[in-house]
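Report on one structure; see the data block that follows.
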Amino acid sequence: MIERISLRAAALALALACFAAQPARAAEDAATTIDPAQRQAIEEIVRDYIMKNPEIVIEALDAMRERERIAREDRAREALTSFGTDLFDNPASPTMGNPDGDIVVVEFFDYRCGYCRRMFEPVMELVESDGEIRFVLKEFPILGPESVFAARAALASRKQDLYDPFHSAMMMAEVGLGESTILAIAESVGLDTDRLRADMEDPAIDEELARNFQMADALAIEGTPGYVIGEDIIRGAISMERFQGYIDKVRDGAS
């Protein structure tokens with residue numbers, strides 16, 4: 001900190017000395033005009049300081065990233081408030097758990113995301129054992145065409161009232177999720193695959209996916225999984241101990 005202040009003072013002193021040596025001129029000209037020689041002298045001081053203290057470049061980049069992170073979080077929290085029903089209570093988004101639960105957990109996920117699949121069983125066990133969690137599922141297919149196909153198929157399966165078993169079967173599948181595999185899983189849980197394919201073309205599915213991408217972008221959720229629990233936005237897989245901690249935090253705040 002002291003060295004940075006010294007650099008700034010040295011550059012300023014040089015600039016003022018150069019200005020003082022010039023013939024008298026209007027104050028505004030003295031404040032704003034630097035001739036090429038003066039500029040070069042100042043730049044050489046700055047360059048020499050940076051070459052001798054390259055770590056300040058890293059410090060400056062770290063400070064810039066931290067400012068950007070804070071600004072991003074501020075924007076995300078504002079978005080969290082503004083989305084309201086669309087995020088927490090939109091009937092177009094599937095839900096699991098207790099529909100009247102006192103805690104709402106929102107997940108942005110992709111069926112082909114290994115971390116999402118790894119989190120699936122322990123999170124579902126928590127939802128079941130807790131008994132008071134409403135789990136809102138935001139299809140967020142970011143890993144290619146097969147992910148989009150899986151998300152569309154899952155949303156379409158709601159018309160046959162088989163979203164829950166289909167969703168669970170895809171999340172627990174031990175094989176890659178290509179189109180043929182997805183349709184085979186659909187058939188295994190009792191879905192009429194011809195009807196499913198037709199229902200996948202429903203424009204409402206396009207609207208739901210577009211809305212999910214818009215919300216994820218505003219919440220700075222750039223990968224999967226992403227969770228919203230209370231006022232907290234969690235990006236990435238976490239331990240179940242931390243997951244439970246976020247649940248407890250919401251409950252403690254409501255008590």
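The values are calculated or read from the model by the stated rules, or taken from the named source; none is laboratory data. Treat the numbers as computed from the prediction; the structure is a model and nothing was measured. Using ideal geometry, Cβ is built from the backbone for each residue, glycine included, and neighbour counts are taken over all protein chains shown.
Quick check on region 48-56. Is at least one of its residues in contact (Cβ under 8 Å) with a residue 24 or more places away in the chain and not in a helix (DSSP H, G or I)? For region 48-56, residues in contact (Cβ under 8 Å) with a residue 24 or more places away in the chain and not in a helix (DSSP H, G or I): present. Residues of region 97-106 include none that is surrounded by 17 or more Cβ atoms within 10 Å (Cβ to Cβ) and assigned to a helix (DSSP H, G or I). Restricting Ala60, Ala41 to those that are assigned to a helix (DSSP H, G or I), small (Gly, Ala, Ser) and surrounded by 13 or more Cβ atoms within 10 Å (Cβ to Cβ) reduces the list to Ala41. When residues in region 128-143 are screened for being more than 17 Å from the chain's Cα centre (by Cα) and within 29 Å of Glu179 (Cβ to Cβ), 1 of them pass. A count restricted to region 215-228 and to residues that are without any contact (Cβ under 8 Å) to a residue 24 or more places away in the chain and either outside the structural domain of Arg158 (by TED's automatic domain parsing) or in a helix (DSSP H, G or I) (or both) stands at 1. Which residues, taken from region 107-137, are among the acidic types (Asp, Glu) and either out of contact with any strand residue (DSSP E or B) (no Cβ under 7 Å at 6 or more places or on another chain) or surrounded by 15 or more Cβ atoms within 10 Å (Cβ to Cβ) (or both)? Scanning region 107-137 gives Glu107, Asp110, Glu121, Glu125, Glu128, Asp130. Of everything in region 89-120 that's among the acidic types (Asp, Glu) and within 19 Å of Ile205 (Cα to Cα), which residue is nearest to the chain's Cα centre (by Cα)? Looking at the filtered set, the residue picked out is Glu107.
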